[in-house]
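Asker: Quick one: the structure is below, questions incoming.
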Amino acid sequence: MTWMEWVAAASYLWSVWLLAHNKPLGWWIGLIGTFLYIWIFYVVWLPGEILIQSYFLLTSLWGIWIWLHGGEKSAEKPVERISKPQKIGAGVVFVIGWAGFYWAFSAMEGKVPFWDSFTTIVSFIAQYFLVKRYVESWHLWLVVDVVYVPLYASRGLYVTAGLYAIFLWMAYRGLKNFQAEWIKEQRSKGFDTIE
């Protein structure tokens, strides 16, 4: 499985680098790692990670379309910020999702249901925000990557743990790039004062 983990990690590394630089090709590259990680997480039995990889598969296909055609008049979708109601909704989804996944993963005898359920629900929300090109997606990726590193190391997936340590830096760069893109977009619309 080592070679498979290396290929999956390389695919995700390239994918996240591209997405952090606002390049839609990242969605396509990530599909390779997604398929491989579904199998890897099945072997080490992290049910939450199998679920999240399946979700990544579907949202990557959706992300390709949204990023390229989800804007006005089917143009490229611009980077945006989430609204206060969206923040509240995400908070509700987080609480309900964490509790529900914890219960489900405990029932499936998951190895670390508390953290597996946490990373699963936060990744679900972060991925949805990334597909929608929200700046806040990168805040969530920063949080979840901090948890993923020791979680994967505890399961013996050292290559993947190292990958997520690199993702921490990439999530920071993605945040900065998306913030800059959002500010540029706001200025092009004539907004001088930007939060």
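The numbers here are math on the coordinates, done by the rules we state, and not lab data. Computed from a predicted model, the values in this text were never measured in an experiment.
Asker: Per 5 Å bin from zero, what fraction in whole % of the C-alpha pairs of region 2-188 is there, up to the bin with the longest pair?
Answerer: The percentages, shortest bin first, are 1, 8, 16, 22, 21, 16, 9, 4, 2, 0, 0.
Asker: Using alpha carbon centroids, what distance separates region 38-76 and region 90-122, in Å?
Answerer: Answer, in whole Å: 19.
Asker: What angle do you read, to the nearest 10 degrees and between 0 and 90, between the alpha-carbon axis of helix 47-69 and the longest principal axis of the chain?
Answerer: Tilt relative to the chain: about 20 degrees.
Asker: Running a GNM on the chain with Cα contacts under 10 Å, which residue among S60, S74, S137 ends up with the highest mean-square fluctuation?
Answerer: Residue with maximal mean-square fluctuation among S60, S74, S137: S74.
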